[in-house]
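Structure, as structure tokens:
The values are calculated or read from the model by the stated rules, or taken from the named source; none is laboratory data. Nothing here was measured: the structure is a model prediction, and the numbers come from that model. Glycine also receives a Cβ, built like all others from the backbone with ideal geometry; neighbour counts cover every protein chain displayed. Heavy atoms of the whole protein, side chains included, go into the accessibility calculation; ligands, DNA and RNA do not. Shrake-Rupley method; radii C 1.70, N 1.55, O 1.52, S 1.80 Å.
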Amino acid sequence: MNIYYHPQYNINLGLLSYLHPFDGRKFSKVFKAIKSLDGIDIKQPGGPVPQVAIDNFVGGIQQKLLHEKRYILRALEIPYIPLLPFSIIDKRILLPMRWGIEGTIEASKDALKGNVAWNLSGGYHHATPRNSEGFCIYNDIGIAVQEMLATNLISETDKILIVDIDAHHGNGNAYTFMDNKNVTILDIYNNDVYPQNNYTKNRVNIDVPMAAGTEGTQYNEALKNALDKLDGDYCIAYVVAGTDVLASDPLGRLGLSISECVERDKLVYEKLQSLSIPAVFVGGGGYSSESAQAITESIKCLHRLDESESVRMDSMR
Ligand SMILES: [Zn+2]
């Protein structure tokens, strides 16, 4: 299993951290906890995603908006601060996200070679080519698909699967792939929180709305039933593995424990493995102090499963 991480992923909000619940150092905490695991391969993306890849993805108006302070602060859910220069926001918040997008691109290419890949960052599922919101500025999965098409790693007819297990509905992914019938979306989310968007919810192929406060047993049962509807006809699957499903999360408002969150990721991993679908896990949301621990435990669990799967495959050769 290959983990994508770079020290540049970490978001240092400084004084702004009081204005947003996101733990920008989460990635480094996970990295420290997993770096010495036997057989784990931690790969660093080569740089932030090139600006041209973003420009090719977004429309002309959005291209301009991505350089406007008021627009970006609104999307980041940070109040307008007159004296704060855009260059600081860009360096402290947007640049780490662009490193994260490159992580998703490189993890995608890795998955196509047969590896299970997990990018600690990315999973910006509220952003679209035309809009940024919900702490998501750029849609990394959309950009990764664009880059794989441009380099002929996949073709226009290849089918892509998105399994969105973040607590929030992935309105950005649904909008981004609204007219692309080759993309199948399975989305399980808290139906009682942001974003309340029926237009994008209608795009979801396997739609699993949950009530606020739903606990882990019921959640994982619903997820399992949804996963059972999948077949194996996909060249790649993205898993938006947000940990804001934890009961301790102030925004997700679902009721999973850490072990139930690990079980959730295991269910997805095992289903994708059984269908031989290359998997890319991406970060998504997660705003509780338990988020880093939950990600760490999931990676440890999937890594163990992945190692034993490799041993099994080797013994069959
Ligand atoms: Zn979320």
Please go through the stretch 161-195 and give me each residue that is away from the ligand (no atom under 14 Å from the Cβ) and either more than 15 Å from the chain's Cα centre (by Cα) or basic (Lys, Arg) (or both), ordered by number. TYR175, PHE177, MET178, ASP179, ASN180, LYS181, ASN182, VAL183, THR184
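So which of ASP207, ASP187, ASP265, ASP228 is in contact with a Gly (Cβ under 6 Å, 6 or more places away or on another chain) and of a type in the set (Asp, Glu)?
Answer to the selection: ASP187.
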Inside the stretch 62-137, counting only helices (runs of 4 or more DSSP H) that do not spill past its ends, which hold 1 or more residues that are surrounded by fewer than 22 Cβ atoms within 10 Å (Cβ to Cβ) and in contact with a Lys or Arg (Cβ under 6 Å, 6 or more places away or on another chain)? 86-89
If you scan the stretch 212-259, which residues turn out to be away from the ligand (no atom under 16 Å from the Cβ) and of a type in the set (A, V, I, L, M)? ALA222, ALA226, LEU227, LEU230, ILE236, ALA237, ILE258
Any idea how many residues of the stretch 246-282 are closer than 15 Å to PRO21 by Cβ and either crowded, with 24+ Cβ neighbours inside 10 Å or free of Cβ contacts under 8 Å to residues at least 60 places away in the same chain (or both)? 4
Name the single residue, out of those in the stretch 200-210 being within 16 Å of the ligand (Cβ to nearest atom) and not hydroxyl-bearing (Ser, Thr, Tyr), that is nearest to THR184 (Cα to Cα). VAL204
What's the total number of residues in the stretch 52-82 that are in contact (Cβ under 8 Å) with a residue 40 or more places away in the chain and closer than 19 Å to ALA144 by Cα? 8
Out of all the residues in the stretch 140-163, which are within 18 Å of LYS181 (Cβ to Cβ) and buried (at least 24 other Cβ atoms within 10 Å of the Cβ)? ILE141, GLY142, VAL145, LEU161, ILE162, VAL163
Tell me yes or no: at least one residue of the stretch 142-157 is part of a helix (DSSP H, G or I) and either within 16 Å of the ligand (Cβ to nearest atom) or more than 18 Å from VAL49 (Cα to Cα) (or both). no
Taking the stretch 271-305 as the search range and keeping residues that are closer than 14 Å to ALA237 by Cβ and in a loop (DSSP other than H, G, I, E, B), which one is farthest from the ligand (Cβ to nearest atom)? SER276
Could you grab me the full set of residues in the stretch 283-308 that are open to solvent by 50 Å² or more (accessible area, probe 1.4 Å) and over 27 Å from GLU215 (Cβ atoms)? GLU307, SER308
Checked the stretch 173-216 for anything outside any loop (DSSP other than H, G, I, E, B), closer than 19 Å to ASP140 by Cα and touching a residue at least 60 places away in the same chain (Cβ under 8 Å); matches are ASN173
